[in-house]
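Asks: There's a structure below that I have some questions on.
The values are calculated or read from the model by the stated rules, or taken from the named source; none is laboratory data. Please read all numbers here as calculations on a predicted model, not as lab measurements. Reconstructed Cβ throughout: ideal geometry from the backbone, glycine too, with neighbour counts over all protein chains shown.
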Amino acid sequence: MRADLMDMLRVKREFVNFDLLQICQSGQCFRMTREHDNVYRIIAGDKYLTIEQDGKECFFHCREEVYEGFWKNYFDLDADYGTYTGQIDAGDEYLKRAAAFGSGIRILRQDLWEMIVTFLISQQNNIGNIRRCIGNICEKYGEKKESGSGVLYDAFPTPEALAHLSEDALMECKLGYRSKYVVRSARRILSGEVDLEALRVMPYPQAKEELLKLYGIGVKVADCICLFALHHLEAFPVDTHIKQVCDKHYPAGFPDSLYAGYQGVLQQYIFYYELFGNKE
């Protein structure tokens, strides 16, 4: 490819509090993979991106208008995450350590339907298997696409693509008992019983209540969807890791009132620290 065309397909930006490896490992996105060294690829809905990082410098392999129109918002790059870490209680040594360790994480603005399916699959599951299950359903039921640089990939399947399936059809994709959760949710969305467009503009409590109407979605999964798809930063998903941290460090409960409006950012710092950093 000519050098001038390559420049057109590469956007350079510099950021602080932005680390691709931490985002990739944070448990919020399962179609982001590390290709080699500091190069990653990510498929979001029907979009594809190769992105590389060298310190603060990031190179988005796409056109400027695509970066501005989609990826900047997707990675939440207009937000100053330093304001969140800067407001942590000075006496909370544990939370300060967790935030410092995972300071490159950002809360991605992901597709609502994709996150509904993703976190239905995530129940009683591990990250590696979640990735495989999602890859399987995308390969079998997603639209075949080609990126601007000629890479072939599978888009995430639409509700329409899954709603007509039998409830156990996705067992072939290794979803197990979760197959019926996904198919029933696709049917309810396609029928209009659950309105994705309405969900996108609901405040957090109402959105969470609406998500709980979908078969297979409990409180933790609803909070994950609210945080990672609807960008309700006040959502604070509690899994076994977070419960253990709260039992140990916050026996009276996590101090939501201190961090109102961005508890979910701190949850991600805690989750990542417990997975990769805390050796206590």
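Asks: Which pairs do you get when a residue that is outside the structural domain of Tyr177 (by TED's automatic domain parsing), found in segment 127-152, comes within reach of a residue that is assigned to a helix (DSSP H, G or I), reach meaning Cβ atoms under 6 angstrom, with the pair 6+ apart or on two chains?
Replies: none
Asks: Look at His249 and say whether it is under 30 Å from Tyr94 (Cα atoms), touching a residue at least 40 places away in the same chain (Cβ under 8 Å), exposed (fewer than 15 other Cβ atoms within 10 Å of the Cβ) and not acidic (Asp, Glu).
Replies: Yes, satisfied.
Asks: Inspect all residues belonging to segment 263-273 and state whether any of them is touching a residue at least 60 places away in the same chain (Cβ under 8 Å), in the same structural domain as Val117 (by TED's automatic domain parsing) and crowded, with 21+ Cβ neighbours inside 10 Å.
Replies: Checked segment 263-273: no residue is touching a residue at least 60 places away in the same chain (Cβ under 8 Å), in the same structural domain as Val117 (by TED's automatic domain parsing) and crowded, with 21+ Cβ neighbours inside 10 Å.
Asks: Turning to a different aspect of this structure: Is it true that some residue in segment 186-197 is of a type in the set (Ser, Thr, Tyr) and buried (at least 19 other Cβ atoms within 10 Å of the Cβ)?
Replies: Among the residues of segment 186-197, not one is of a type in the set (Ser, Thr, Tyr) and buried (at least 19 other Cβ atoms within 10 Å of the Cβ), which makes the answer no.
Asks: Out of all the residues in segment 256-280, which are part of a helix (DSSP H, G or I), closer than 15 Å to Ala235 by Cα and within 18 Å of the chain's Cα centre (by Cα)?
Replies: Gln263, Gly264, Val265, Leu266, Gln267, Gln268, Tyr269, Ile270, Phe271
Asks: Within segment 116-128, can one find any residue that is closer than 24 Å to His231 by Cα, touching a Pro at 6+ places or on another chain (Cβ under 6 Å) and modelled with pLDDT of 95 or more?
Replies: Within segment 116-128, none of the residues are closer than 24 Å to His231 by Cα, touching a Pro at 6+ places or on another chain (Cβ under 6 Å) and modelled with pLDDT of 95 or more.
Asks: Name the helices (runs of 4 or more DSSP H) wholly inside segment 130-206 in which the number of residues that are within 19 Å of Phe228 (Cα to Cα) is 2 or more.
Replies: 178-191, 196-201
Asks: Which of (1) farther than 30 Å from Ile242 by Cβ; (2) under 21 Å from the mean Cα position of the chain (by Cα); (3) free of Cβ contacts under 8 Å to residues at least 40 places away in the same chain is the odd one out, the single condition Thr158 does not satisfy?
Replies: (3)
Asks: Taking into account only those residues within segment 234-255 that are in contact with a Leu (Cβ under 9 Å, 6 or more places away or on another chain) and part of a helix (DSSP H, G or I), which is modelled with the lowest pLDDT?
Replies: Per the criteria, the residue is His241.
Asks: Looking at (1) out of contact with any Asp or Glu (no Cβ under 8 Å at 6 or more places or on another chain); (2) under 16 Å from Leu20 (Cβ atoms); (3) surrounded by fewer than 21 Cβ atoms within 10 Å (Cβ to Cβ); (4) not aliphatic (A, V, I, L, M), find the lone condition where Asp78 falls short.
Replies: Exception for Asp78: condition (2).
Asks: Among what's in segment 233-246 and is within 22 Å of Tyr181 (Cβ to Cβ) and touching a helix residue (DSSP H, G or I) at 6+ places or on another chain (Cβ under 8 Å), pick the residue that is surrounded by the most Cβ atoms within 10 Å (Cβ to Cβ).
Replies: Filtering segment 233-246 for residues that are within 22 Å of Tyr181 (Cβ to Cβ) and touching a helix residue (DSSP H, G or I) at 6+ places or on another chain (Cβ under 8 Å), the one surrounded by the most Cβ atoms within 10 Å (Cβ to Cβ) comes out as Pro237.
Asks: Against the conditions (1) within 17 Å of Glu114 (Cβ to Cβ); (2) free of Cβ contacts under 8 Å to residues at least 60 places away in the same chain, where does Met202 fall short? Just the number, please.
Replies: (1)
Asks: Among the listed residues Lys243, Lys180, identify the single one that is within 22 Å of Glu114 (Cβ to Cβ) and among the charged types (D, E, K, R).
Replies: Answer to the check: Lys180.
Asks: Ser257 passes all but one of (1) touching a residue at least 24 places away in the same chain (Cβ under 8 Å); (2) outside the structural domain of Ile137 (by TED's automatic domain parsing); (3) surrounded by fewer than 21 Cβ atoms within 10 Å (Cβ to Cβ); which number fails?
Replies: Only one criterion in (1) touching a residue at least 24 places away in the same chain (Cβ under 8 Å); (2) outside the structural domain of Ile137 (by TED's automatic domain parsing); (3) surrounded by fewer than 21 Cβ atoms within 10 Å (Cβ to Cβ) is unmet by Ser257, namely (1).
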